[in-house]
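Colleague: The structure is given below, and queries will be raised subsequently.
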Amino acid sequence: MANQLIPPAGLELSIPSHLTPDQRVALWADLMDASEEILLAGLSHQVGPGGDLRAAYRLWYEQQMDEHDRTMRQMAESLYRRGVRHGR
């Protein structure tokens, strides 16, 4: 498991079962906030103290969306080649 970002099946962390739905949403929101802080810290490190963090974030987001669009297009093309049609 060394150097793996995603743990093998059965070893992943689970959400505590005693949490209410509201607590689960709050936990998710906290994780999203922490992820954003990590991303911004990394971008800030890349651009340096005088760099434009907003521009770096916009570029990162644009690249992420381009990759997402390519992935979705490839998936749609793959489904089409296999004969899977919308609504059928």
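The values are calculated or read from the model by the stated rules, or taken from the named source; none is laboratory data. Quick caveat: nothing in here was measured; it's all calculated off a predicted structure. Cβ placement follows ideal geometry from the backbone for every residue including glycine, while neighbour counts extend to all protein chains displayed.
Colleague: Confirm whether ASP33 is surrounded by fewer than 11 Cβ atoms within 10 Å (Cβ to Cβ), of a type in the set (Asp, Glu) and within 17 Å of the chain's Cα centre (by Cα).
Modeller: Considered against the rule, which asks whether it is surrounded by fewer than 11 Cβ atoms within 10 Å (Cβ to Cβ), of a type in the set (Asp, Glu) and within 17 Å of the chain's Cα centre (by Cα), ASP33 comes out as yes.
Colleague: Cβ-Cβ under 8 Å, sequence separation 6+ or interchain: first residue in segment 6-23 and of a type in the set (A, V, I, L, M, F, W, C), partner in a loop (DSSP other than H, G, I, E, B). Which pairs?
Modeller: From residues that are of a type in the set (A, V, I, L, M, F, W, C), the pairs are ILE6/GLU12; LEU11/MET1; LEU13/PRO7.
Colleague: Further, regarding this structure: Please work out which one of (1) in contact with a Ser or Thr (Cβ under 9 Å, 6 or more places away or on another chain); (2) modelled with pLDDT of 95 or more is the condition MET32 fails and give its number.
Modeller: The one condition MET32 does not meet is (1).
Colleague: Also, quick follow-up: Mind checking which residues of segment 51-88 are modelled with pLDDT of 95 or more and assigned to a loop (DSSP other than H, G, I, E, B)?
Modeller: Passing the criteria: GLY51, ASP52.
Colleague: Take ASP69 and tell me if it is surrounded by 10 or more Cβ atoms within 10 Å (Cβ to Cβ) and more than 28 Å from ILE15 (Cα to Cα).
Modeller: Answer is yes for this residue.
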